[in-house]
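The values are calculated or read from the model by the stated rules, or taken from the named source; none is laboratory data. Everything numeric here is computed off the predicted structure, so don't read it as measured data. Positions of Cβ are backbone-derived with ideal geometry, glycine not excepted, and every protein chain shown enters the neighbour counts.
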Amino acid sequence: MIIYLSNILIKNGFLEKLQKNVRFYSSLNIRDKELTQPENDRFFKYSDLSVNLAEPHMLQQKPNVHDLVFGKFFTDHMFKVYYHESLGGWQQPVITPLENLVFHPAAKVLHYAVEAFEGMKAYRGVDGKIRLFRPELNMERMNMSARRMGLPTFNSNELIKCFSRLISIDQEWVPHSESSSLYIRPTIIGIDPTLGVATSNSAMLFVILCPVGSYFHGSNAQKGISLLADPRYTRAWPGGCGNSKVGSNYAPTIHVQNTAVEMGLQQVLWLYGDDHQVTEVGTMNVFMFFINENGDKELVTPSLNGLILPGITRNSILSLANEMNQFKVTERTITMSEICQLLSENRLLEMFGAGTACVISPISNIDYLGQMLHIPTTEQSKPVHQLFLKTLLNIQYGYIPDHPWTWEID
């Protein structure tokens, strides 16, 4: 069915049109195009990159693609670069064998969670080429997060070039499989050897790589995930940093996630406010597809109001939906009372999460105030979430060649 839907789009010229126009739909509240940043001698540059390759005895055995677990195996090399205000800013970038990091025990990252990170992937396409998916948006978001945490910013294009070189060195770690990919984790941390909550005058930016399979290892996520929606717990709040990708957003969620698992559920549907607004699901943005009061189909996702991480997959789905022009697309507040009403009136068709790690995950059940709500996401004859999934995978794995959302690695 998914292949059939994709073929319809190809025949109607949708994907060809998409290649030309889709960049201009942005919901990240940042520039959705190749970034242009002013020249700054304090930024590190790809042209200064030095490479220290691992000795043969240091190379690791690559895992079987069927044994991949998210975030468990790491490649042979890493990228890193230091920032020191006292030395004029960013220092020389290097690629080295994967190694442990060493900092002073007073480093700000260890005491005040002064850090920001990104999650992105490299894909080995059907043509053998390795592609990145919209890395410029990840880098812009990382700079936004770094500013919020009092960390130095960097030139996005220069970092993309640097970790592209890293991937080319460890290219045999990119799985030869369309069910797997190479996860890329850029991270920036404050390493000042002084206590005190203040802007970091010293920092380290590093990138590590790991081959990954399904995020929901050992479960068939396409049957739909189950969620705990408990209004006692809040992930983000107005004026906070819910729209930044920083570790301090995630650590406090672990206890609640464990509570969900103990109840036999898989993830948490994060709510906010007295009206129980839907914000995110686990580490994903959330979408709802339903029949509105006018009898028309509509796709809706929470607006970027400071509580929501501006996801790259979220942005891409909105762009695809706008370009398809087959149903209404809206960014607005969603409440649990609306979900309950839509279910009671048989107007709720699908709910799904969207993010880099798991791409798109259908939602089947929500435990809310002691009641189990069944969402018929996987029971639709032509589910829209699978159409989005198929189209995104076709772009990422090169079935749609030369797409403007992909960056090929030499």
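Going by the structure shown, is Ala354 assigned to a helix (DSSP H, G or I) and either within 16 Å of the chain's Cα centre (by Cα) or more than 22 Å from Met120 (Cα to Cα) (or both)?
Against the criterion (assigned to a helix (DSSP H, G or I) and either within 16 Å of the chain's Cα centre (by Cα) or more than 22 Å from Met120 (Cα to Cα) (or both)), Ala354 does not qualify.
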Which condition from (1) at pLDDT 95 or above; (2) outside any loop (DSSP other than H, G, I, E, B) is the one that Gln222 breaks?
(1)
Criterion first (of a type in the set (Gly, Ala, Ser), in contact with a helix residue (DSSP H, G or I) (Cβ under 8 Å, 6 or more places away or on another chain) and closer than 27 Å to Leu309 by Cβ) does Ser145 satisfy it?
no
Are any residues in segment 298-326 closer than 16 Å to Phe352 by Cα and either assigned to a helix (DSSP H, G or I) or in the same structural domain as Glu118 (by TED's automatic domain parsing) (or both), and if so, which ones?
Ile312, Thr313, Arg314, Asn315, Ser316, Ile317, Leu318, Leu320, Ala321
Subset of segment 351-370, residues buried (at least 18 other Cβ atoms within 10 Å of the Cβ) and either without any contact (Cβ under 8 Å) to a residue 24 or more places away in the chain or hydrophobic (A, V, I, L, M, F, W, C) (or both), comes to Met351, Phe352, Ala354, Ala357, Cys358, Val359, Ile360, Ile363, Ile366
Anything in segment 69-101 that is assigned to a loop (DSSP other than H, G, I, E, B), buried (at least 17 other Cβ atoms within 10 Å of the Cβ) and of a type outside the set (Val, Ile, Thr)? List them, or say none.
Phe73, Phe74, Asp76, Pro93
Check segment 274-284 and report whether any residue there is modelled with pLDDT under 95, in the same structural domain as Ser381 (by TED's automatic domain parsing) and either among the basic types (Lys, Arg) or closer than 14 Å to Leu227 by Cβ (or both).
yes
Of all residues in segment 327-350 being closer than 15 Å to Gln277 by Cα and either surrounded by 21 or more Cβ atoms within 10 Å (Cβ to Cβ) or not assigned by TED's automatic domain parsing to the domain that holds Lys245 (or both), which is nearest to the chain's Cα centre (by Cα)?
Ile334
Within the set of pairs 6+ apart or on separate chains, which have a first residue in segment 328-348 that is over 11 Å from Asn292 (Cβ atoms), a second that is surrounded by 15 or more Cβ atoms within 10 Å (Cβ to Cβ) and small (Gly, Ala, Ser), and C-beta atoms under 8 Å apart?
Val329/Ala321; Glu331/Ser27; Met336/Ala229
Given (1) more than 23 Å from the chain's Cα centre (by Cα); (2) in a loop (DSSP other than H, G, I, E, B); (3) crowded, with 20+ Cβ neighbours inside 10 Å; (4) not hydroxyl-bearing (Ser, Thr, Tyr), number of the condition Lys382 does not satisfy:
(3)
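If only one of His66, His57 is over 26 Å from the mean Cα position of the chain (by Cα), over 14 Å from Leu205 (Cβ atoms) and assigned to a helix (DSSP H, G or I), which one is it?
The conditions single out His57.
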Give the residues of segment 148-164 that are of a type outside the set (S, T, N, Q), under 19 Å from the mean Cα position of the chain (by Cα) and surrounded by fewer than 23 Cβ atoms within 10 Å (Cβ to Cβ), sorted by residue number.
Arg148, Ile160
Determine, yes or no, whether Leu309 is of a type in the set (A, V, I, L, M), farther than 26 Å from Gln380 by Cα and buried (at least 16 other Cβ atoms within 10 Å of the Cβ).
yes
So, of the residues in segment 244-297 that are touching a Phe, Trp or Tyr at 6+ places or on another chain (Cβ under 6 Å) and assigned to a strand (DSSP E or B), which turns out to be surrounded by the most Cβ atoms within 10 Å (Cβ to Cβ)?
Glu280
So which residues in segment 188-216 are of a type in the set (A, V, I, L, M), more than 30 Å from Met284 (Cβ to Cβ) and at pLDDT 95 or above?
Ile191
Pairing a residue in segment 130-152 that is under 21 Å from Ile191 (Cα atoms) with any residue that is aromatic (Phe, Trp, Tyr), where Cβ atoms lie under 6 Å and the two sit 6 or more apart in sequence or on different chains, gives Pro152/Tyr83
